[in-house]
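Student: What follows is a structure written as structure tokens; I'll ask about it next.
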Amino acid sequence: MPFRSGFVCILGRPNAGKSTLLNALVGEKLAIISPKPQTTRNRIQGVVHVPKRKGKDGGQIVLIDTPGVHKPDSSLGRKMMVEVREALEGCDLVLVIVDVAHKLDPRDQFALELVKQSKARAFLILNKVDLIPEKSKLLPLIEEYRKLYDFAEVVPISALKRKGLEDLMKTILAALPAGPAYFPEDEITDQPARFMAAEIIREQVLLNTSEEIPYATTVIVDNFEEGKRLTRIGATIYCERDGQKGILVGKGGRMLKKIGTSARIQIERMLGTKVFLELYVKAEPGWRDSRSFVEELDWRRQLEHRMFEQPADSQAPPKSRA
């Protein structure tokens with residue numbers, strides 16, 4: 001069997017398990033996860049290196065996690081849907097992931113419309129099957145989806161429990177064309193460490209706050225100085241109102257300290273160095289509806305702006321760990 005490679009887009013409604021699946025297949029935490037909808041705001045790329053085995057030359061699967069499919073009502077929402085459409089362009093396969101614990105609704109149908117427009121080959125991924133003891137109950141759901149789209153394969157999995165993932169990997173690889181490796185064997189993502197640090201901080205905001213605050217906040221890393229033993233990071237958490245700023249800082253700065261401590265531990269784990277993390281909070285009224293502000297959140301644009309300001313290693317994506 002020849003070496004196979006290709007780009008695989010993970011598509012679905014919010015909270016279907018897209019990011020959990022990406023992390024599980026890559027074997028590293030590349031995408032942040034929270035129970036709140038629209039946690040993922042950018043397309044996130046993860047590379048799975050399939051080793052050579054008896055009679056097989058292995059392969060490389062480039063997975064692209066996408067924001068949850070939704071009808072946008074702000075500049076941020078529109079940018080998220082642009083990320084989804086760009087991920088679909090030129091991909092070799094689409095994994096339409098659905099939460100089997102929920103009935104098919106307009107958001108799922110919207111995702112299927114995007115697949116139809118892309119004319120891509122697609123698999124239906126039934127996630128969270130561990131929540132359905134009687135597997136026969138999945139048959140009506142499968143039939144309902146098959147009426148809406150001609151899926152090449154239907155694969156039941158539990159991304160969280162890591163069940164069915166080996167079969168899924170084999171099925172994906174067999175569907176990809178013969179081709180070259182797009183990334184070196186030690187590279188698992190194209191995301192710079194700077195962006196991943198910002199996402200880790202935002203994840204802690206999501207996990208430690210409630211109501212409108214998780215959706216009204218974003219994080220920008222202002223400086224990132226990576227050394228062999230110590231990495232210095234300064235970042236700003238943006239919100240929309242002074243009241244939100246007060247909650248994020250907390251009484252005596254306790255909430256900000258809690259967010260910072262939890263984020264620092266995870267960033268240290270990612271980078272393999274000690275981290276000195278400074279966090280600031282700033283109110284930026286209406287930033288979600290500001291097209292220019294939202295565009296600046298794109299790490300690709302940030303990287304272009306800072307290309308000549310930072311040493312090259314401070315922008316390098318994390319490598320896979322042995």
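None of the figures in this text is laboratory data; all of them are computed from the coordinates on show. Predicted model only: the values in this text are computed from it and were never measured. Cβ: placed from backbone, ideal geometry, glycine included. Neighbour counts: every protein chain shown.
Student: Counting pairs on different chains as well as pairs 8 or more places apart, how many Lys pairs in the range 193-315 have Cα atoms under 19 Å apart?
Tutor: The result is 9.
Student: Let me see the pair-distance distribution of the chain: every alpha carbon pair, 10 Å bin width, integer percents in order.
Tutor: 6, 25, 33, 25, 10, 2, 0
Student: On a 0 to 90 degree scale, rounded to 10, what angle separates helix 193-208 from the longest Cα axis of the chain?
Tutor: Between the helix axis and the principal axis of the chain, the angle is about 90 degrees.
Student: Order of SER290, SER19, SER75 from fewest to most other C-beta atoms within 10 Å?
Tutor: Going from least to most buried by this count: SER290, SER75, SER19.
Student: Let me ask something else. Can you give the extra length, in nm with one decimal, that the chain gains between LYS135 and TYR280 once fully stretched, where that is 0.36 nm per residue apart less the Cα-Cα distance?
Tutor: Once the chain is fully extended between LYS135 and TYR280, it gains 47.3 nm.
Student: Relative to the first principal axis of the alpha-carbon coordinates of the chain, what is the inclination of helix 254-271, with its axis defined by its Cα atoms, in degrees from 0 to 90 and to the nearest 10?
Tutor: That helix lies at roughly 50 degrees to the long axis.
Student: So for CYS239, CYS9, fewest C-beta neighbours within 10 Å to most, what's the order?
Tutor: Lowest count first: CYS239, CYS9.
Student: Can you give the relative contact order of the range 4-175 as a percent, counting alpha carbon pairs under 8 Å and 6+ residues apart?
Tutor: 25
Student: In this model, which of LYS52/LYS128; LYS71/LYS103; LYS119/LYS163; LYS29/LYS161; LYS128/LYS170 are farther than 23 Å apart at the alpha-carbon?
Tutor: Over 23 Å apart, Cα to Cα: LYS52/LYS128; LYS119/LYS163.
Student: In whole Hz, what ³J(HN,Hα) sequence does the range 100-116 give by Karplus (6.51, -1.76, 1.60; θ = phi - 60°), x for Gly and Pro?
Tutor: 5, 7, 10, 6, 4, 9, x, 5, 5, 5, 5, 4, 5, 4, 5, 5, 4
Student: Run lengths n ≥ 4 of DSSP H only: what is the helix-derived mean residue ellipticity at 222 nm for the chain, with -39500 (n - 2.57) per run over all residues, to the nearest 500?
Tutor: The per-residue figure over the chain is -11000 deg cm²/dmol.
Student: Next up: Could you list ARG107, ARG13 in order of exposure, starting from the residue whose Cβ has the fewest other Cβ atoms within 10 Å?
Tutor: Taking fewest neighbouring Cβ atoms as first place, the list is ARG107, ARG13.
Student: Cα atoms only: what Rg and Dmax, in Å, come out for the range 4-175?
Tutor: 15.2, 52
Student: Whose amide H sits under 5 Å from the amide H of VAL275, counting only residues 5 or more places off or on another chain, with H placed in the peptide plane?
Tutor: Answer set, sorted by chain and number: THR231.
Student: Taking θ = phi - 60°, what integer Hz values does the Karplus form 6.51 cos²θ - 1.76 cosθ + 1.60 yield along the range 163-175, in sequence order, with x for Gly and Pro?
Tutor: 9, x, 6, 5, 5, 4, 4, 4, 5, 5, 4, 5, 8
Student: Read phi for every residue in the range 46-51 and hand back ³J(HN,Hα) as whole Hz from Karplus 6.51 cos²θ - 1.76 cosθ + 1.60, θ = phi - 60°, with x for Gly and Pro.
Tutor: Result, rounded to whole Hz: x, 10, 9, 9, 8, x.
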